[in-house]
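Have a look at the structure below before the remarks.
The values are calculated or read from the model by the stated rules, or taken from the named source; none is laboratory data. In this text the structure is predicted, and so the values were computed from the model without any measurement. All Cβ positions, glycine included, derive from the backbone under ideal geometry; neighbour counts span all protein chains shown.
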Amino acid sequence: MASQPKQNHLLIIEDDQGRKELILDGPIYSIGRDPRCDIRLFSQFVSRRHATLVRLPRADGSSYYRIVDGDSKGKPSANGVLINGRKIPAHDLIDEDEIVFGPQVRAIYYLLQRDTIPSGPLDEYDVTLIGPNMMPDFDE
């Protein structure tokens, strides 16, 4: 039996409150301005229940997310969603898809293989700290 592919689904959202990163692992998410939404967007231009994310299985055991305009009952949002610049009612997300919910409100979806996620902290610079007593005395 093949092991299940190791993936992380990441959504980076930018809205009126700034930027936030969310790891997606649930089966369904409501997205919108309503405080009861699973993923809350902060903007007056976003519908209360703007979109729905649904996790669906693939034949190989992995999964993907589909974004659907509107709420889980099928009621569309007032302005729709733009996926990579096109207004469409539903879309199966792939790595680096851009979702626009309204002016100044967008998200980028990333599909990351777990093998590429570092297990420890990232050090951009190799820094060695020294104290004043460790400096050579040049006066001698």
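For segment 5-19, state whether one or more residues are among the small types (G, A, S), at negative phi, without any contact (Cβ under 8 Å) to a residue 40 or more places away in the chain and exposed (fewer than 11 other Cβ atoms within 10 Å of the Cβ).
Looking through segment 5-19, none of the residues is among the small types (G, A, S), at negative phi, without any contact (Cβ under 8 Å) to a residue 40 or more places away in the chain and exposed (fewer than 11 other Cβ atoms within 10 Å of the Cβ).
Can you tell me which residue among R55, R33 is more than 25 Å from Q104 (Cβ to Cβ), surrounded by 12 or more Cβ atoms within 10 Å (Cβ to Cβ) and modelled with pLDDT of 95 or more?
From the options R55, R33, the qualifying one is R55.
In segment 20-30, what residues are part of a loop (DSSP other than H, G, I, E, B) and either aliphatic (A, V, I, L, M) or surrounded by 19 or more Cβ atoms within 10 Å (Cβ to Cβ) (or both)?
Passing the criteria: none in range.
Return the residue satisfying two criteria in turn: it lies in segment 45-100 and is touching a Ser or Thr at 6+ places or on another chain (Cβ under 6 Å) and assigned to a strand (DSSP E or B), and of such residues it is farthest from N8 (Cα to Cα).
Here the answer is D69.
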